[in-house]
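Step one of this worksheet: look at the structure below.
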Amino acid sequence: MKLKFISFILISFLFISCHGQTSKNIHTIDAKTYAEKLSVTENPQLLDVRTPEEYNSGHIGNAANINWNGDDFVAQTGKLDKSKPVFVYCKVGGRSANAADKLAELGFTEIYNLEGGIMKWKAADASVSKPSDKIIGMCDQEYGELLKSGDKVMIDFNAKWCAPCQKMKPFILKMQTEMKDSVKIVQLDADENKTIVEQLHLEGLPTIIVYEKGKEVWRNVGYISEEDLKKHL
């Protein structure tokens, strides 16, 4: 019994030590700090871990696209120098956090993860390479007309891949019917309306914005319960 107890303590210690060592290699930092760190790093290894479609719609500087959800993430990152800093980012920070953990596991010694992803980067007015100025989805004029379509309007910016968005979707759809006489509730897919998302400097998903007579009166970023949401309507 004593031997089993000692073995358990040793295993627990090794697990905690390894976990701590991995964490020390990863630095999750805000957009401003991330940009500053990039600027002073010679030939930075910058990875956009989103899908190729997302990457082609706009990315940071000379970032290389290595899809976290692809089949060759380990093989592609294996071509990088593990002894030099590596910078990772995605849309809002979830995939890049997982990618950072994997890179630490693979032996990378200095990993920088962009907090809030490219949405926070854009909101901070950092430079993003864009293939064109083509309007994607709703433009600002159409959005303005939407805000005038009711005395009180709630816009729910969401995405199909966003877990909190999908968790909120059922009760928001229910609220659209239940509260139709007091507030107009509109759901907008952020990926299908990139132009207005960038113009509003949205920092994450889901984002809910409430307007009264065309003026913003409340905003929430991230998951919110049905009960708490109704308090603001």
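The values are calculated or read from the model by the stated rules, or taken from the named source; none is laboratory data. The structure displayed is predicted, hence computed values, not measured ones. Note that each Cβ is placed from the backbone with ideal geometry, even for glycine, and that neighbours are counted across all protein chains shown.
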Mind checking which strands (runs of 3 or more DSSP E) fall wholly inside region 145-233 and carry at least 1 residues that are hydroxyl-bearing (Ser, Thr, Tyr), touching a residue at least 24 places away in the same chain (Cβ under 8 Å) and surrounded by 15 or more Cβ atoms within 10 Å (Cβ to Cβ)?
207-212
Give the residue, chosen from ASP228, ASP189, that is more than 15 Å from the chain's Cα centre (by Cα) and among the acidic types (Asp, Glu).
ASP228
Every residue from region 84-101 that is closer than 17 Å to GLY222 by Cβ and part of a loop (DSSP other than H, G, I, E, B):
CYS90, LYS91, VAL92, GLY93
As an exercise: evaluate ASP81 against (1) at pLDDT 95 or above; (2) surrounded by 12 or more Cβ atoms within 10 Å (Cβ to Cβ) and give the number of the one condition it does not meet.
(2)
Is it the case that some residue within region 162-185 is in contact with a helix residue (DSSP H, G or I) (Cβ under 7 Å, 6 or more places away or on another chain), modelled with pLDDT under 95 and either over 24 Å from SER96 (Cβ atoms) or of a type in the set (Lys, Arg) (or both)?
no
Would you call ALA75 surrounded by fewer than 20 Cβ atoms within 10 Å (Cβ to Cβ) and closer than 17 Å to GLU105 by Cβ?
yes
Hits in region 106-138 (condition: touching a residue at least 40 places away in the same chain (Cβ under 8 Å) and over 22 Å from the mean Cα position of the chain (by Cα))
PHE108, THR109
Give the number of residues within region 54-83 that are part of a loop (DSSP other than H, G, I, E, B) and under 26 Å from GLU198 (Cβ atoms).
11
